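Shown next, in structure tokens, is the structure this report addresses.
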């Protein structure tokens, strides 16, 4: 990032997701003002439009690219020579493939420094049913995902988990129709947090996996029971293993094994791939595997178990 002379901000989202509204607001904010020109590249035009005269008040010039084949490295070099921008904002059409834009050769000194995804919360479930791969491609490297038009009847906590499993480090914001931020962290989970032993049903493992990473206050020092598949260390005498599940984050070819470290003195006796019911006390520790702090499960009880009816993890 030290080599980036012209920072690029990539804003993506499906049509009418609020990209233009977000960019118009950002461009006009005091904190966003600089003395040098800003180039706004618009790859998709919806109902909301830009006023080019208004943009010039904020030293912003606009270039509209209507066809995907016109968005080329040569076109970006042409824009660089014409406007000499100090930064670039891109309102991007995700149907052109975010991954393709990320991989595109940029003019010398240009580089993407932030990726933002805008989402109309009222349409999110439809997106995930019909355009999941496109949405996952947008979210995978996003620094921030903003859900707007949120209402209390929507399962916002589930929306959040759907993003976190694809991109755990992503910041996720929720705005209501008045553009006020709302907090979904207090939303419930489908198991009893007040039980002496928190029992995680098979279908809820994905929800628990994401929540345990984020909510130390909920789980530190608590005992949980869940089913997972054994993945052992390459070290034959290691006193730990991972009990986890396979998750499909996008498609059948995009599988990942997700789970947490389980400390257990008899771990060498376990067999890779076996299903086990684990009861363990959670403590949060800093581990290299987690690249920071995360939950460690200190096993108090372990039993052989049958494979769940559906082995794949769900996050809603």
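Here are the numbers for this structure:
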{"quantity": "Subset of the range 262-306 that is in contact (Cβ under 8 Å) with a residue 60 or more places away in the chain and within 22 Å of residue 165 (Cα to Cα) - its residue that is surrounded by the most Cβ atoms within 10 Å (Cβ to Cβ)", "calculated": "297"}
{"quantity": "Total residues in the range 16-36, condition in contact with a strand residue (DSSP E or B) (Cβ under 6 Å, 6 or more places away or on another chain) and part of a loop (DSSP other than H, G, I, E, B)", "calculated": "2"}
{"quantity": "Looking only at the range 130-140, and only at residues there that are surrounded by fewer than 23 Cβ atoms within 10 Å (Cβ to Cβ) and more than 18 Å from residue 247 (Cβ to Cβ), the one that is farthest from the chain's Cα centre (by Cα)", "calculated": "130"}
{"quantity": "All positions within the range 85-126 that are over 21 Å from residue 62 (Cα atoms), in contact (Cβ under 8 Å) with a residue 60 or more places away in the chain and surrounded by 20 or more Cβ atoms within 10 Å (Cβ to Cβ)", "calculated": "119"}
{"quantity": "Number of positions in the range 55-74 that are surrounded by fewer than 13 Cβ atoms within 10 Å (Cβ to Cβ) and within 29 Å of the chain's Cα centre (by Cα)", "calculated": "4"}
{"quantity": "Selection status of residue 147, part of a strand (DSSP E or B) and modelled with pLDDT of 95 or more", "calculated": "yes"}
{"quantity": "First in the range 217-241 and more than 24 Å from residue 203 (Cα to Cα), second anywhere and in a loop (DSSP other than H, G, I, E, B), Cβ under 6 Å, 6 or more apart", "calculated": "239/265"}
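The values are calculated or read from the model by the stated rules, or taken from the named source; none is laboratory data. Everything numeric in this text was worked out from a predicted model, so none of it was measured. All Cβ positions, glycine included, derive from the backbone under ideal geometry; neighbour counts span all protein chains shown.
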